[in-house]
Each structure stands twice: as C-alpha cells, then as structure tokens.
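Nothing in this text is a laboratory measurement; each read-out follows from the coordinates by a stated rule. All values reported here derive from a predicted model rather than from experimental measurement. As a convention, Cβ positions derive from the backbone with ideal geometry for all residues, glycine included, and neighbour counts pool all protein chains shown.
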Amino acid sequence: MSKLRLIGGTLLGSVAILALHAATAGAADDDYMKMAKDYVAAATAPVTTWTGPTTGPKAQGKKLIVYVSADQRNGGAQGVGDGAQEAAKVMGWDFRILDGQGSVPARTSALTQAIALKPDGIILGTVDAAEQAPVIEQAAAQGIKIVGWHAGPGPGKIDAVPSVFTNVTTDPNEVAKASGLYAVVDSGGTAGVILFTDSIYAIATAKTNAEKAAVEGCKGCKVLSIEDTPIGDLSNRMGQLTTSLLAKYGKAWTYSIAVNDLYFDFAAPSLQSANVDPATGYPRNISAGDGSVPAFQRIRQKQFQIATVAEPLHLHGWQVIDELNRAFAGEKPSGYVAPVHLFISDNIEKDGGAQNIYDPGNGYKDAYKKIWGK
C-alpha cells in the first residue's frame, strides 16, 4: 500500500469520502479498491498546512528574470508565470515573459531571445529541457541560472540536462496515480479507459505510464488505448479523434484520462454532437494536470469533466523564484515537492477552486516572504 500524504483536514469529515465510499458500497472492497479509496480521500482533503521550506537565503540583489513559456495558451504555463511575476515583484526583480507559442522552433527562438536579454535567470515554463538542451547549455555557459517548471520527467535535478538548477513540479507519478485511482473508485472498479498524452514531453510520458499502472492495478478495469496527440495541435486534432474513438470503442469507453485539461477543451464539442450527457454520460473525463480555468468550470457545471489533479500554479511560481534565489546565493535547491491534490465536484469551491485555480490556503506566500526577509 502506498504511503499517503494527508494535508490538513480529517478524512472522516470529508463529504467527498462519503460520496466515494457510497459509489462502491454494493460489494465488499478488495485490497486495491480500499487503497484507492484511501488515496483519493487524502488527495481531496483540504490543504491548510505549509509543508515547504522555512529557511533559506535572504533576497539577493536586483535581478532580471525571463520566463520562457512553452505556450501561453496552456493554463499551467500561464498560471506559473503569473505566480512567478508576483513573487519577482516582492523580490524587487525585473521580470519578462516570452511565449514559445506551442512549437519546437518557437520555443528555441524564445530561449534564444531570452539569452540575448542577458538575464540573471531563466525559468523554463513547460519547456522540455532535453528538447532544448543545446540552447540551455549556451545560457548556462554565460552564467545564467536556470530553473524549470515541468521541464523534466520529475521534481529536482534533470539528469539529461544537469545545468538546470532544479525542476519544480508536483510528482507526476503521484498526479497520474490520483487520476487513475479516481477512475477506479468512481467506476466501482469497472473503468474502460483511454489515455491521452503528448510524448514530446518527458513529464507527459511519465504521467501516462503511471496512469496506466494505476488503472491496470484494478482487476475489473482496462486501458483501451493510449492516444499520443500533440498538445500544440489539439484544436485541429482532438475533435475528429474523439469522434473516431467513440465509433471504435462505443460503450466500452467509460473514462478518459489526459495529461492536461486542454484535451477536454476540444473533446467536449464532439461529445456534445454525439449526444453524450454532459453530467452523467460516458466517457467521464479526468485530467492529470494542470487545473485550468475551463476545467474548474466544467467540473463545477458538470460539463464533460469530473476531476482534475490541479497543480498549485501560483505557489509553483513563487517556488521557482525561491529556487532561483537559492541558485544566486550559491545554495542547494530546497527539495520541496507540493503534495498532490484532486479537485472533484465535492471540493471544487475550496483551496482556491471558487476562483478557478488551485491556490492552497496554507500560507505559502507569507512563508516565502519570511525566508526572503520581505
């Protein structure tokens, strides 16, 4: 059984838990289902306690930071940029955002432009470090400190590109596990799942592998297929792909899990055209990140999405600034990894969900200001 991280609140008091237990009350649970219910209950509990760093270097002097976003249409990359910009202002640092516009050449161009600005630090906002390794090495050779967000397959050092000081992310394996286990619990152990991914991103591949393992641990569940579809071209591809999959799998397709909420932005019209009931029909859609505004709205309104494992985007924005500050001070990364958090209809109004973002009420801004002496 996996070790659970229980952050704030009590499990027995959670409305979400009662609903989840009721969903499968018709039969005795096997060990895997019991584990899945406990895991989901922990992931949906309120987040009220700060578990991140409490010590570190004071704010370093005036700096120029450039945030290179893989695609500002991506709610995750955009949200982290917003948080980082807010934190940089507290530091008294200058801050610029450059948009990679969803393609490899445009990301390369944005990184090249960033280097030309001669910044003190660069943040990779969902820019895969391995993909852009030659340009990143150019930046490092000029003494520029580099921190990633979703720039590698997991939190911490990126083995393939060691010049990246650290990569900030919720553990993608835990994010994926939460989404997979929610499909197991919500289905009562009968989910037929299609996984949507984009293999150009190492973090997406890591998530998809963990989603598959979580679903297939359930005896009555099945992964029907893995669909590798570029995030940057979803507007052109996802509609027709959804229609084709409905024709191919029919009623066997009961759940979708995507590595990003954006897939469901473009799947929903095809589901509607196929007369799928937006609240109770199948497939029921779950996202393993990032917690976009449309995703929160869909879950709240019961419109073609039942869950998202949202990233604490603004918190991560503050964290990447803190990690850069540690790099400037010659110290080690903090090592902080935010615990996984699952939004469903029962807790959608909590932990920032009422404002369509995961922004935990754990005092992270005050904690970082205290570290920085601000």
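How far is it, in nm, from the label point at Lys374 to the one at Lys62 when both lie 7 Å from their Cα along the line to the Cβ?
1.7
Would any residue of the stretch 75-108 have its amide N under 15 Å from a label point 7 Å out along Cα→Cβ of Ser235? List them or say none.
75, 100-103
Using +1 at the C-beta of Lys and Arg and -1 at the C-beta of Asp and Glu, which of Gln303, Ala279, Ser244 has the Cα lying farthest in the positive direction of the dipole of the stretch 172-308?
Toward the positive end, the furthest listed residue is Ala279.
Given labels modelled 7 Å from the Cα in the Cβ direction, how far is it in nm from Thr51 to Ala279?
Inter-label distance under the simple model: 3.5 nm.
Starting from the 7 Å offset along Cα-to-Cβ, what nm value, one decimal, do you get for the label separation of Gln72 and Gln142?
Taking the simple label geometry, Gln72 and Gln142 are separated by 2.1 nm.
In a solvent-free Debye calculation with one equal scatterer on each Cα, what is log10 I(q)/I(0) for the chain at q = 0.06, 0.08, 0.11, 0.14 Å⁻¹, listed in the order of the q values?
-0.22, -0.38, -0.72, -1.13
Per DSSP H run of n ≥ 4, the term is -39500 (n - 2.57); total these for the chain, divide by its residue number, and report the mean residue ellipticity at 222 nm rounded to 500 deg cm²/dmol.
Value at 222 nm, helices only, nearest 500: -13000 deg cm²/dmol.
How would Val193, Val164 line up from fewest to most surrounding beta-carbon atoms within 10 angstrom?
The fewest-first ordering by Cβ neighbours comes to Val164, Val193.
With r defined as the distance between the Cβ atoms of Lys332 and Lys248 and R0 fixed at 35 Å, what FRET efficiency is calculated, to the nearest 0.05?
It comes out at approximately 0.10.
How about the stretch 232-300: which trypsin sites (Lys or Arg not before Pro) there lie in a loop by DSSP and see at most 13 other Cβ atoms within 10 Å?
Qualifying residues, ordered by number: none.
Going by a ≥ b ≥ c, the root eigenvalues of the Cα gyration tensor, does the stretch 172-308 fall in the rounded group (a/c under 1.5), the prolate group (a/b larger than b/c) or the oblate group? Kindly include the intermediate steps, with their values, before the conclusion.
Details: a/c = 1.29, a/b = 1.09, b/c = 1.18.
It comes out rounded by the Cα gyration axes.
Would the stretch 275-363 count as rounded, prolate or oblate if I go by the C-alpha gyration tensor, calling it rounded below 1.5 in a/c and otherwise prolate when a/b exceeds b/c, oblate otherwise?
Note, shape of the stretch 275-363 comes out prolate.
Enumerate the aspartates and glutamates that Lys374 could reach by cross-link, defined here as Cα to Cα under 14 Å, with residues fewer than 8 away along the same chain left out.
Glu86, Asp322, Asp366
So what is the orientation-averaged projected area of the stretch 117-244, using the convex hull of its C-alpha atoms, in nm²?
The number I arrive at for the stretch 117-244 is 9.1 nm².
Can you list which of the GluC sites (Glu not before Pro) found in the stretch 291-372 are DSSP loop residues with at most 10 other C-beta atoms within 10 Å?
Details: sites: Glu323, Glu331, Glu349; in loops: Glu331, Glu349.
Those that pass, being in a loop and sparsely packed, number zero.
Sort Ser235, Ser179 so the one with the fewest other Cβ atoms within 10 Å of its own Cβ comes first.
Least crowded to most crowded, the residues run Ser235, Ser179.
So what is the relative contact order of the chain, in percent, for Cα pairs below 8 Å that sit 6 or more residues apart?
For the chain, the relative contact order is 21 percent.
Tell me, Leu111, Leu315, Leu124, Leu117 in order of fewest to most beta-carbon neighbours within 10 Å?
Leu117, Leu111, Leu315, Leu124
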